[in-house]
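Peer 1: Pasting a structure here, questions to come.
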Amino acid sequence: MKILVTAKRVEDPESKIKVKPDGSGIVQEGLKYKINPFDEIGVEEGLRLVAKHGGEVVVVSIGGKEVQEQLRHALAMGATRAVWVNHTGPLDQMGVAGLLQKVAEKEKPDLVILGKQAIDDDQNQVGQYLAEFLGWGQATFASKVESLESEQEKNKVPALQMGADNKSVRVVREVDNGLATLECALPAVVTTDLRLNLPRYASLPGIMKAKSKPIEELTPAKLSVDVTPKVQVLKMASPPPRKAGIKVPDVATLVDKLRNEAKVV
Amino acid sequence: MADVLPEAFLRAVADGFPADFLTREPGELQEYGRDWTRVHSPAPSAVAFPRTTDEVARLLALCNQYRVPVVPSGGRTGLAAGAVAARGELVLSLQRMNRMEPVELLGNTVRVQAGAVTEAVHHHCAEHGLTWPVDFASKGSSQVGGNIATNAGGVKVIRYGLTRQWVLGLQVVTAQGQVLELNGALEKNNTGADLRQLFIGSEGTLGIITEATLKLTPLPGKQDVFLFAVPDVAAVLRLFREARRAPLLLSAYEFFTDKCLARVQRHRKLRSPFEAPSGCYVLMEAEGKDAAEVEGWLGSLFERGLVTDGTMAQSPSQAIELWALRESISESLSATGLPHKNDVSLPVANLEAFCSEMDAVFGERYPGWEIALFGHIGDGNLHINIMKPEGMEKAEFLAHTKKADPTMFELVRKHGGSISAEHGIGLLKKDYLAFSRSPAELEMLRTLKRALDPNNILNPGKILDV
């Protein structure tokens, strides 16, 4: 079984993120980066499936040479090899999905796992576009009921389960009113939700081994994808700062404020 | 000891200070009467919240006049009951005095009031690429004045030393209400005995620190955070021996046992990065000089069987997660049980001998008890936490540990160590001070106390009795 997993480079939420005064983007200086947490969950799920069914996890990222850091992280966790689509400059969700489509067509995986969204732009579109471009089935927001993998949770059926003949996958996904279970014919596209698993830490031997694992370099030109963005970012702005809280002297005042100022009761 | 504040004193305070200067509200008394220790019941008479040095000075003059005992109070994160007010004292909280002046970029210094929170100072300086390298788990609550008054240590001592090394100048209010400016912002000042040093680590018994000029240093370069699994304390020390000679600049070398980790997992629901449990864990933070060299060294640790497992943070978020395992220990021990804490230090060279004999002491004094061991082993500093067995009464537990402590301290003395590495003496350790200080030293400390605070109003009963 071959599983293709994405590893987008995103700003680490521990960095201080500031919008540039002219609204053209965010201040890059001093920022730290990490693998998109939803993608990291995807890598973990891919590794667990491969541990059970055999095969390999191939990890893919798009960006300048710095995205190799995130590819190495996924390789250190246990992915077998990496594909790096070398591209700098603006890219919209259809551009990303177009590149991933070509990579998927080249790699011919049984399953593509992506984070349901990246924590930088929170778009939640690429997985869906990709499934459409490939003409494959899709199951978004793969999830489990409880977070943090309690003992009970570990004993439960995993959210992603391969069919007996390895030709289909059953996916438990979180929806507004509970859980839905889908069955998709393979190959398929699955996107991960937060509560799917807790990704492992890369072990030191894994980190060192990752340095010699192969990273294949591709470009949009080599993949024959026109990545000219159709969506243009006009302006970025910070949300208005929150007003400071106030102390109220008693319950009556609190109720009054809730009723007449906040109008929530 | 005055249980009730004199009427005349209260009138003078009401006349001379703002309306919100003093509180006697029971909830506040409970809160401000104690630190992170839970041995004494808080019972202060009142809490004062000055906003200026002038208010501190006028208040102390009154306290001296009316013989009102004062417990100076910062972030109250101490672990030796140095900030505990259990005998009707007046608590003097510096928390409203938290102003920070702009960072002085030529001299790399910053002047702050005593109530500035440690982490706020870090943020204030980080904008300029600088830091005040006093760093520990309680940095979000602890205050500069308290850090200085206790000469706090923490997790970066191996690289930067104690708080003492990072204080240029102090403003101190004496027991009589005089304001002293000591050393200003001077790096060099050879004009006789350095009085500033007298107040650093004095735990509020000689004067009240109201402002300080802090010495800053450039923020360190990229730090890698590692967590290693090793079988036992001997292996922790073996690895340390290697780390000392490694092509790395160490800024932290911390260890904790599986018992600590279990309590952290119970209280904070954090998880171990490793699949298999291990006897001990080492958290190492270091700045690598040469990536290839560091890699070679790391590889050799596994080849030589010095570690059984290990991980390295792959992002700042992961570094914070790994640090959380170490930094949550103190809090988790107290939240899940009652620890009796010993904070001892040894010359690093004697650690191995001490640790092997320590096991014998544990076996004899605490057979079958849970002992949670962790610490800044790179500084020779061990935090020994004896956990109260389930079902044992608190009083019996405390009596038992009180009886057992001298055996431990005798061992510390034998190996040339200190009975309080960084927590201070406060109320908790004062009975044992003689294990680390000679009779001549103790007499000198008493003479100093009597000279500076003849009415014994400043944190009376802490460190030693006059």
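Peer 1: Run the numbers on region B:7-96 and let me know its relative contact order in percent, using alpha-carbon pairs under 8 Å that are six or more apart.
Peer 2: 36 percent
Peer 1: Quote the relative contact order of chain B in percent (integer), defining contacts as alpha-carbon pairs under 8 Å separated by 6+ residues.
Peer 2: 15 percent
Peer 1: Once the piece of chain linking B:M444 and B:A292 is laid out straight, how much longer is it, given 0.36 nm per residue of separation minus the C-alpha distance between them?
Peer 2: That pair, B:M444 and B:A292, stretches by 49.3 nm at full extension.
Peer 1: Give the separation of the Cα centroids, region A:155-229 to region B:172-236, in Å.
Peer 2: Distance between centres, Cα-based: 51 Å.
Peer 1: Leaving out same-chain residues fewer than 8 places away, which lysines sit with a Cα under 16 Å from that of B:K429?
Peer 2: Output for B:K429: B:K341, B:K402, B:K403, B:K462.
Peer 1: Before rounding to the nearest 500, sum -39500 (n - 2.57) across all DSSP H runs of length at least 4 in chain A and divide by the residue total; then give [θ] at 222 nm in deg cm²/dmol.
Peer 2: -8000 deg cm²/dmol
Peer 1: Would you mind calculating the relative contact order of region B:337-439 from Cα pairs under 8 angstrom and at least 6 residues apart, reporting the percent as a whole number?
Peer 2: 37 percent
Peer 1: Would you mind checking the radius of gyration and Dmax of region B:337-439 based on alpha-carbon positions, in Å?
Peer 2: For region B:337-439, the Cα-based Rg and Dmax read 13.1, 40 Å.
Peer 1: Give the cross-link partners of A:K144 among the lysines, using a straight C-alpha distance below 18 Å as the criterion and excluding same-chain residues fewer than 8 apart.
Peer 2: Straight-distance partners of A:K144: A:K116, A:K154, A:K156.
Peer 1: Nearest 10 degrees, 0 to 90: what angle lies between the long axis of helix A:93-107 and the longest principal axis of chain A (Cα atoms)?
Peer 2: Compared with the principal axis, the helix lies near 20 degrees.
Peer 1: While we're here: Measure nothing fancy, just the Cα-based angle from helix A:37-53's long axis to the longest principal axis of chain A, in degrees from 0 to 90, nearest 10.
Peer 2: Taking the Cα atoms of chain A, the angle to A:37-53 is about 40 degrees.
Peer 1: A further question on this structure: Can you pull out the GluC sites (Glu not before Pro) in region A:215-265 whose DSSP state is coil and whose Cβ has at most 14 other Cβ atoms within 10 Å?
Peer 2: A:E261
Peer 1: Using the count of nearby Cβ atoms within 10 Å as a rough guide to exposure, how do B:T53, A:T140, B:T163, B:T407 rank from fewest to most?
Peer 2: Starting with the residue having the fewest Cβ neighbours, the order is B:T407, B:T53, A:T140, B:T163.
Peer 1: Suppose every K and R has +1 on its Cβ and every D and E has -1 on its Cβ; what is the size of the dipole of chain A about the Cα centre, in Debye to the nearest 20?
Peer 2: Its charge dipole is roughly 340 debye.
Peer 1: For the charge dipole of region B:7-96, defined by +1 on Lys and Arg C-beta atoms and -1 on Asp and Glu C-beta atoms about the Cα centroid, which residue among B:Y32, B:A12, B:F49 has the Cα displaced farthest towards the positive pole?
Peer 2: B:Y32
Peer 1: Region B:267-307 to region B:411-466: how many Å between their Cα centroids?
Peer 2: Their Cα centres are 39 Å away from one another.
Peer 1: Please list the non-local residues whose amide H lies under 5 Å from the amide H of B:L168, H modeled 1.01 Å from N, same-chain partners needing a gap of 5 or more.
Peer 2: Result for B:L168 returns B:T213, B:L214, B:K215.
Peer 1: Per-residue ellipticity at 222 nm for chain B, helices alone: DSSP H runs ≥ 4 residues times -39500 (n - 2.57), over residue total, nearest 500 deg cm²/dmol?
Peer 2: Here the helix-only value at 222 nm equals -10500 deg cm²/dmol.
Peer 1: What lysines does A:K211 reach when the alpha-carbon gap must be under 20 Å and sequence neighbours fewer than 8 apart in one chain are set aside?
Peer 2: Output for A:K211: A:K8, A:K34, A:K65, B:K222, B:K289.
Peer 1: Only sites in a loop by DSSP and with at most 13 other Cβ atoms within 10 Å count here; which trypsin sites (Lys or Arg not before Pro) in region B:304-382 make the cut?
Peer 2: Those that pass, being in a loop and sparsely packed, are B:R304.
Peer 1: Relative to the compact-globule scaling 2.2 N^0.38 Å, provide the ratio for the alpha-carbon radius of gyration of region A:2-234.
Peer 2: Computed over Cα atoms of region A:2-234, the ratio equals 0.99.
Peer 1: Right, next: Bin by bin, in steps of 20 Å, what percent of the Cα pairs in the protein assembly as shown do you find, going until the bin that has the longest distance?
Peer 2: 15, 40, 33, 11, 1
Peer 1: Let me ask something else about it. What whole-number distance in Å separates the alpha-carbon centres of region A:58-134 and region A:19-34?
Peer 2: 22 Å
Peer 1: What's the longest bit of chain B with no exposed GluC sites (Glu not before Pro), using DSSP loop states and at most 14 other Cβ atoms within 10 Å as the test?
Peer 2: B:1-126
Peer 1: Then there is this: Restricting the count to DSSP beta bridges whose residues both fall in region A:2-234, what percent are antiparallel, rounded to a multiple of 5?
Peer 2: 35 percent
No value in this document is a laboratory result; all are computed from the given coordinates. Small disclaimer: the values here were computed from a predicted structure and weren't measured. Note: ideal-geometry Cβ built from the backbone for every residue, glycine included; neighbour counts use all protein chains shown.
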